[in-house]
1. Consider A:SER188 carefully, then state whether it is surrounded by fewer than 18 Cβ atoms within 10 Å (Cβ to Cβ), modelled with pLDDT under 95 and more than 14 Å from every other protein chain (Cβ to nearest Cβ).
2. Residue check, A:PHE166 against (1) outside any strand (DSSP E or B); (2) surrounded by 13 or more Cβ atoms within 10 Å (Cβ to Cβ); (3) within 14 Å of chain B (Cβ to nearest Cβ), all met but one. Which one?
3. Only one of B:LEU112, B:LEU127, B:LEU56 is surrounded by fewer than 16 Cβ atoms within 10 Å (Cβ to Cβ) and closer than 30 Å to B:LEU223 by Cα; which?
4. Looking at region A:170-177, can you tell me whether even one residue there is assigned by TED's automatic domain parsing to the domain that holds A:ILE119, surrounded by fewer than 21 Cβ atoms within 10 Å (Cβ to Cβ) and without any contact (Cβ under 8 Å) to a residue 12 or more places away in the chain?
5. Does region B:225-245 hold any residues that are in contact (Cβ under 8 Å) with a residue 12 or more places away in the chain and either on the phi > 0 side of the Ramachandran plot or hydroxyl-bearing (Ser, Thr, Tyr) (or both), and which are they?
6. Give the residue, chosen from B:GLY193, B:GLY200, B:GLY242, that is touching a helix residue (DSSP H, G or I) at 6+ places or on another chain (Cβ under 6 Å) and away from chain A (no Cβ under 13 Å).
7. Quick one: which of B:GLN91, B:GLN83, B:GLN104, B:GLN123 is within 14 Å of chain A (Cβ to nearest Cβ) and either in contact with a helix residue (DSSP H, G or I) (Cβ under 8 Å, 6 or more places away or on another chain) or under 29 Å from A:ILE210 (Cβ atoms) (or both)?
Protein chains: 2
Amino acid sequence: MKNFSYFLSHSVYMISIMQTKQDNSSKKYIDLPLYVQIKHKILLALEQGLWKSGDLIPSESDLATTYEVSQGTIRKALDELVQQQLLIRRQGSGTFVATHQEEQSKYRFLHLANSAGVIEDSQNKILLCTHQKAPKIVYVSFKMQAEDIFVHIRRLMSFNGKPIVFEDIWLPCPLFGDISLELLASWSGSMYGLFESHFGVHMTHAEERIHAVLPSDMAAEYLGIDALVPVLDVFRVAYTYGDRPVEVRQAQYITTEHHYFNRIG
Amino acid sequence: MKNFSYFLSHSVYMISIMQTKQDNSSKKYIDLPLYVQIKHKILLALEQGLWKSGDLIPSESDLATTYEVSQGTIRKALDELVQQQLLIRRQGSGTFVATHQEEQSKYRFLHLANSAGVIEDSQNKILLCTHQKAPKIVYVSFKMQAEDIFVHIRRLMSFNGKPIVFEDIWLPCPLFGDISLELLASWSGSMYGLFESHFGVHMTHAEERIHAVLPSDMAAEYLGIDALVPVLDVFRVAYTYGDRPVEVRQAQYITTEHHYFNRIG
DNA sequence: CAGTGGTCTAGACCACTTC
DNA sequence: AAGTGGTCTAGACCACTGC
């Protein structure tokens with residue numbers, strides 16, 4: 001145990017502590033708060049893949065002893081990570097690394113609902129899975145070069161049998177090199193669930209930019225709409241731990257019977 | 001318009017606390033946790049306008065003594081309210097009711113940026129401010145009737161001198177009855193700042209539904225675009241404390257040089 | 001300097017899950 | 001029964017603000 005305990009004053013006992021532990025008593029709070037430091041350490045473990053999606057992490061009291069802080073401090077660090085949806089707590093069981101395998105997070109990134117405000121189940125069809133160069137907007141988002149090769153996936157999502165979303169997905173080869181159409185076609189869960197279980201890449205957050213446009217020729221064809229029907233263009237960059245961009249996708253949504261929803265607050 | 005001193009509202013609050021205080025010692029954790037109960041009580045005070053936007057609320061230790069709990073429990077309740085942006089903490093000064101008057105919250109509800117990802121300052125022009133019946137989508141959102149009268153505001157927002165957003169805003173008369181074009185035109189801050197300072201209505205959150213559409217004739221005219229240029233249709237319902245809907249607006253955004261942005265995570 | 005929020009501790013007990 | 005997260009307390013001290 002550490003402890004700049006306030007009550008232990010000038011005793012021989014204290015000397016033995018100071019031999020094994022640096023003297024914090026003179027430099028309090030000049031660094032970041034302890035719980036922030038611990039949060040960073042846990043984040044580092046997640047970034048480096050020490051703990052993988054779905055893993056049980058050490059208990060709060062274990063972490064408290066290893067980091068030499070109180071359980072309350074550990075708790076505060078975990079609180080923020082749980083809040084960022086990087087960890088999940090289960091009372092009685094433990095604290096786990098968040099995963100996209102659960103049903104609840106299936107549509108966490110797809111903000112599409114029907115006129116009734118209901119999020120429907122989708123039927124997905126993979127149209128394409130190749131390795132090739134990418135448009136400028138893509139490789140710039142990854143801070144890579146025009147010559148670099150990416151995985152390119154094209155997909156059609158349908159709701160109630162009607163095609164609604166046509167999208168192009170781009171992934172950096174180093175991470176997703178051996179992905180294939182067969183693998184994608186055989187996978188029944190969410191795409192981010194697949195990325196996680198097969199490539200160890202967990203998406204933590206994303207940024208979307210939305211425009212109203214006329215559909216591309218190809219989108220109009222696959223979506224079965226007239227070239228003059230406005231569609232929602234959704235450009236997404238998705239990130240993993242440490243704000244590393246690991247996916248770019250450009251989708252076009254038909255919004256005659258659906259809408260993009262967003263909560264502000 | 002504010003300034004009931006918080007001491008007054010606080011003492012009223014105290015009475016209600018003393019009345020509802022019960023013996024916790026025999027029945028632990030069978031009700032909601034203490035900090036949740038306290039959070040609800042504070043929320044109630046906000047809903048009822050006991051504490052108004054910008055007001056200083058009692059200190060954590062004051063609240064702790066009035067609620068007969070520890071400071072840590074008060075802190076946990078406040079933590080969540082701060083997180084919801086209903087309260088703001090200022091170290092050394094105190095805890096305040098959140099307000100839309102601050103510069104930082106000026107564009108909290110407007111998710112519009114230019115191609116560079118920069119949120120620009122807008123120039124606003126009020127085109128209309130009348131009292132009249134509203135479309136079905138509006139009165140249904142308020143759970144009111146077709147015959148009911150609403151305030152109807154029409155506004156044009158420009159960025160760098162170019163009109164980009166055309167919007168119709170609907171407000172329930174009981175709350176905003178004496179709003180006028182003169183008042184709106186003379187106000188230089190954000191619209192939610194005006195609602196707050198002149199009508200005591202603080203927007204806490206909103207929900208938006210977004211479609212890609214062709215512009216209405218009127219929108220096309222005011223925005224100076226061709227009737228065949230797709231625009232983003234943003235339908236918003238904004239809420240105040242207690243999830244009460246207090247504003248509906250339908251806007252059309254030109255997205256050729258701007259985009260709607262959203263963070264998922 | 002007094003008062004406020006911010007951090008941290010040590011310890012107690014409750015509620016839940018698992019064996 | 002053992003172990004885990006969830007709640008709560010009492011008290012200490014730090015960092016900041018305003019008078």
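The values are calculated or read from the model by the stated rules, or taken from the named source; none is laboratory data. Because the structure is a prediction, the values reported are computed rather than measured. Because the Cβ atoms are built from the backbone with ideal geometry, glycine has one as well, and the counts that use them run over all protein chains shown.
1. yes
2. For A:PHE166, the exception is condition (1).
3. B:LEU127
4. yes
5. B:TYR239, B:THR240, B:TYR241, B:GLY242, listed by residue number.
6. Going through B:GLY193, B:GLY200, B:GLY242 in turn, the sole match is B:GLY242.
7. Every option except B:GLN83 fails the conditions.
Here's the yes/no breakdown for (1) within 16 Å of DNA strand D (Cβ to nearest atom); (2) in contact with a strand residue (DSSP E or B) (Cβ under 7 Å, 6 or more places away or on another chain); (3) under 25 Å from B:LEU181 (Cα atoms):
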position: B:GLU60; (1), (2), (3): yes, no, no
position: B:THR73; (1), (2), (3): yes, no, no
position: B:GLU80; (1), (2), (3): yes, no, no
position: B:LEU87; (1), (2), (3): no, yes, no
position: B:HIS111; (1), (2), (3): no, yes, no
position: B:LYS143; (1), (2), (3): no, no, no
position: B:ILE153; (1), (2), (3): no, yes, yes
position: B:PHE166; (1), (2), (3): no, yes, yes
